[in-house]
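Everything on this sheet refers to the single structure shown next.
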Amino acid sequence: MGQPRARAALVAIHDLGTLGGAVSQGKSVNRRGQVVGTSRDALGRTRAFLWEESLGIVDLKPLTGVTTSANDINDNGEIAGGGDTGFGDFHAYLLSAGTSFDLGTLGGNESEALAVNGRGQVAGHSRGAGGGAPAKHAFVIAEPGTMLDLGTLGGATSIAHDLNENGAAVGLAETKTGEPRAFLWSAIDGMRDLGTLAAASIALGINNRTEVVGGSGHAFLWTARGGMLDLGTLGGRTSCANAINDAGCIVGASQTGATDARGIPVTHAFLRTPDGGMLDLGTLGGEHSAAVAVSEIVAAQDAAPALWIAGHSHDASARMRAALWAVRLD
């Protein structure tokens, strides 16, 4: 069932371009409107980028290898992601004050940072030591040089997708029977199964009030008091919430109920405002879009407060482009 439409908000959407290739995707945005993500370059390689209005889109070059990602940026401009080292490994990194730090692994040859908070703490996933390809485990780096394995809910795999300023992390972990479940982890309470709306669930965002969002067939909002709340859709069958800020603004992607020329359900980016309204953010002219990240509210002296929202959208030629939405709230 669809949510009521949010009160009027002025929405502008910007195509952030690419590094010379065909595809780009926005992954995070901070209060200054800086966006990070990944883009194909002219040689078809996947590269981490930083976009800001004054400079446009720039290749970050955080590590020496070919393939790199940028997954999060905090309000200080610190960037977290991953990249190959040039020696067959893929490592998490933190880019801070112009210097890139290789964050290492849990003993294996692969790790990736998916989130960084304002304190420079990092969360993500890493393979452990052992033969073959050991399962990925969620990690948090609360202190430089110490990568903490968060374990699982009894199964093989876990991934940490976000963390708040208090160092609490959320993500996905497998149970003993192999079911994927949304989790909340803290240093005091360890890993907690947040339950599901359907057969499986994943947690993708957390704010400083420990409100958690994710997907379980439908987008959900989890709170300690209310448990898991179904946020509905834009009229289609499925939706997923990807991020939440401290004001309670939630962004994600939802099927609309329409289908494209190929018969595939149309998916649009959405903003759910604290009053409970779900606003369709539209596209760059194509049929599909998704909102992945939302900034904290930006106060304006002579205008309504605003939000930056980052993600990706098809343009009129059906090319996937990193997108930045500017939203003014009533």
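The values are calculated or read from the model by the stated rules, or taken from the named source; none is laboratory data. Note that the structure is a prediction, hence the values are computed from the model and not measured. In this analysis, Cβ positions are derived from the backbone assuming ideal geometry, glycine residues included, and neighbour counts consider all displayed protein chains.
Checking the conditions here, which among 286, 276, 257 is farther than 26 Å from residue 17 by Cα, small (Gly, Ala, Ser) and assigned to a strand (DSSP E or B)?
Details: 286 fails: farther than 26 Å from residue 17 by Cα; 276 fails: assigned to a strand (DSSP E or B).
Exactly one residue qualifies, and that residue is 257.
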**OP:** Please specify each residue of segment 125-162 satisfying the condition of being at positive phi and at pLDDT 95 or above.
**Re:** 151, 154
**OP:** Please specify each residue of segment 61-92 satisfying the condition of being modelled with pLDDT of 95 or more, under 24 Å from residue 17 (Cβ atoms) and assigned to a loop (DSSP other than H, G, I, E, B).
**Re:** 67, 74, 75, 77, 78
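Residue by residue, here is whether (1) surrounded by fewer than 24 Cβ atoms within 10 Å (Cβ to Cβ); (2) within 24 Å of residue 140 (Cβ to Cβ) holds:
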{"residue": "36", "(1), (2)": "no, yes"}
{"residue": "59", "(1), (2)": "yes, no"}
{"residue": "94", "(1), (2)": "yes, yes"}
{"residue": "97", "(1), (2)": "yes, yes"}
Original post:
Under the condition of being part of a strand (DSSP E or B) and small (Gly, Ala, Ser), which residue from segment 43-60 is nearest to residue 204 (Cα to Cα)?
Top reply: 48
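So, in segment 205-214, how many residues would count as being surrounded by fewer than 24 Cβ atoms within 10 Å (Cβ to Cβ) and either β-branched (Val, Ile, Thr) or part of a strand (DSSP E or B) (or both)? Walk me through it before giving the result.
Going residue by residue through segment 205-214, those that are surrounded by fewer than 24 Cβ atoms within 10 Å (Cβ to Cβ) are 207-211.
Checking which are either β-branched (Val, Ile, Thr) or part of a strand (DSSP E or B) (or both) leaves us with 210.
The total comes to 1.
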Subject >> Test: residue 40 is touching a strand residue (DSSP E or B) at 6+ places or on another chain (Cβ under 9 Å) and in a loop (DSSP other than H, G, I, E, B) >> reply: no
Subject >> Odd one out for residue 151 among (1) touching a residue at least 40 places away in the same chain (Cβ under 8 Å); (2) in a strand (DSSP E or B); (3) not charged (D, E, K, R) >> reply: (2)
**OP:** Please determine, by comparing only the residues of segment 290-308 that are under 15 Å from residue 243 (Cα atoms) and part of a strand (DSSP E or B), which one is farthest from the chain's Cα centre (by Cα).
**Re:** 307
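So which of 287, 211 ends up being of a type in the set (D, E, K, R), touching an Asp or Glu at 6+ places or on another chain (Cβ under 8 Å) and free of Cβ contacts under 8 Å to residues at least 40 places away in the same chain? Steps first, please.
Numbers: 211 fails: touching an Asp or Glu at 6+ places or on another chain (Cβ under 8 Å).
None of the other options fit; the residue is 287.
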